[in-house]
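The values are calculated or read from the model by the stated rules, or taken from the named source; none is laboratory data. No experiment lies behind these values; they were computed from the predicted model shown. Don't worry about glycine lacking a Cβ; one is built from the backbone with ideal geometry, like all the others, and counts go over all protein chains shown. What goes into the accessible areas is simple: the full protein's heavy atoms, side chains included, and nothing from ligands, DNA or RNA. Shrake-Rupley method; radii C 1.70, N 1.55, O 1.52, S 1.80 Å.
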Amino acid sequence: MTDQNGMACVSTGRTAEQTSAGMPTETIGFLLLPGFTLATFAAAIDPLRLANYVAGRPLYRWLLLSRDGAPERSSAAIAVGVEHGLDTAPALQTVIVCGGLGSHLFEDARTIAWLRRAASRGATIGSLCIASHV
């Protein structure tokens, strides 16, 4: 998928690929939790898109994930479509967990186990909003 300037915006499902300049493109997975804060999610994605635009090549791609592959609703009740559920997500070097005001109450053993497996394989795990409590 491309933006209005023709820059790559979404991952092809691979964690890294060579760009035309021979440099790897970094893929970042964004795991959307129920009620994630839309503003912090957008604030994390847009600098990546802008970096691609300024560089004139895809430095970053992103994959949107949810627990089951279904669209996830933000705290503003806006549903955001995703490319993968946890069962079909590729191995990622970076995973950002996108939470919201209720993230400290999030208890899903399968999601936490998936994050632990990703970390044990060397993935960097980050968070937005209050998702650090997950």
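Count, please, the residues in the range 114-132 that happen to be farther than 21 Å from SER75 by Cβ, open to solvent by 40 Å² or more (accessible area, probe 1.4 Å) and either among the hydroxyl-bearing types (Ser, Thr, Tyr) or not in a loop (DSSP other than H, G, I, E, B) (or both).
So the count comes out to 6.
For the range 94-113, give me each residue that is open to solvent by 20 Å² or more (accessible area, probe 1.4 Å), out of contact with any Gly (no Cβ under 8 Å at 6 or more places or on another chain) and modelled with pLDDT of 90 or more. It would help to see each step written out before you state the result.
Of the residues in the range 94-113, the ones open to solvent by 20 Å² or more (accessible area, probe 1.4 Å) are 94, 96, 101-102, 104-110, 112-113.
With the extra rule that they be out of contact with any Gly (no Cβ under 8 Å at 6 or more places or on another chain), the set shrinks to 104-105, 107-110, 112-113.
Once the filter is applied, which keeps residues that are open to solvent by 20 Å² or more (accessible area, probe 1.4 Å), out of contact with any Gly (no Cβ under 8 Å at 6 or more places or on another chain) and modelled with pLDDT of 90 or more, the range 94-113 yields ALA109, ARG110, ILE112, ALA113.
Taking the condition part of a loop (DSSP other than H, G, I, E, B), of a type outside the set (Ser, Thr, Tyr), in contact (Cβ under 8 Å) with a residue 24 or more places away in the chain and touching a Ser or Thr at 6+ places or on another chain (Cβ under 7 Å), does ALA91 pass? Walk me through it before giving the result.
On the way: part of a loop (DSSP other than H, G, I, E, B): yes; of a type outside the set (Ser, Thr, Tyr): yes; in contact (Cβ under 8 Å) with a residue 24 or more places away in the chain: yes; touching a Ser or Thr at 6+ places or on another chain (Cβ under 7 Å): yes.
Yes: the conditions hold for ALA91.
Of the residues ARG73, ARG110, only one is farther than 22 Å from GLU26 by Cα, assigned to a strand (DSSP E or B) and not small (Gly, Ala, Ser); which? First the steps, then the outcome.
Values: ARG110 fails: assigned to a strand (DSSP E or B).
Just one listed residue meets the conditions, ARG73.
Going through ALA79, ALA91 one at a time, which residue ends up being open to solvent by 50 Å² or more (accessible area, probe 1.4 Å) and under 22 Å from THR37 (Cα atoms)?
Values: ALA91 fails: under 22 Å from THR37 (Cα atoms).
The conditions single out ALA79.
Of all residues in the range 66-88, how many are at positive phi and over 14 Å from the mean Cα position of the chain (by Cα)? Can you show your working first?
Initial filter on the range 66-88 (at positive phi): 69, 77.
Restricting the remaining residues to those that are over 14 Å from the mean Cα position of the chain (by Cα) gives 77.
Adding up the residues that qualify gives 1.
Which condition number in (1) open to solvent by 50 Å² or more (accessible area, probe 1.4 Å); (2) farther than 25 Å from LEU101 by Cα; (3) in a loop (DSSP other than H, G, I, E, B) is the one that ASP68 fails?
Of everything listed in (1) open to solvent by 50 Å² or more (accessible area, probe 1.4 Å); (2) farther than 25 Å from LEU101 by Cα; (3) in a loop (DSSP other than H, G, I, E, B), ASP68 misses just condition (2).
Residue check: is ASP46 assigned to a loop (DSSP other than H, G, I, E, B), open to solvent by 20 Å² or more (accessible area, probe 1.4 Å) and among the acidic types (Asp, Glu)? Give the steps one after another, and end with the answer.
Values: assigned to a loop (DSSP other than H, G, I, E, B): no; open to solvent by 20 Å² or more (accessible area, probe 1.4 Å): yes; among the acidic types (Asp, Glu): yes.
So ASP46 fails the test.
Out of the residues in the range 54-65 that are of a type outside the set (D, E, K, R), more than 29 Å from GLY35 (Cβ to Cβ) and surrounded by 14 or more Cβ atoms within 10 Å (Cβ to Cβ), state the one that is farthest from the chain's Cα centre (by Cα). Step through it out loud before you land on a result.
In the first step, residues of the range 54-65 are kept if they are of a type outside the set (D, E, K, R); the result is 54-56, 58-60, 62-65.
Among the residues that remain, those that are also more than 29 Å from GLY35 (Cβ to Cβ) are: 54-56, 58-59.
Remaining after also requiring surrounded by 14 or more Cβ atoms within 10 Å (Cβ to Cβ): 55, 58-59.
Numbers: ALA55: 21, PRO58: 16, LEU59: 15 Å.
It comes out as ALA55.
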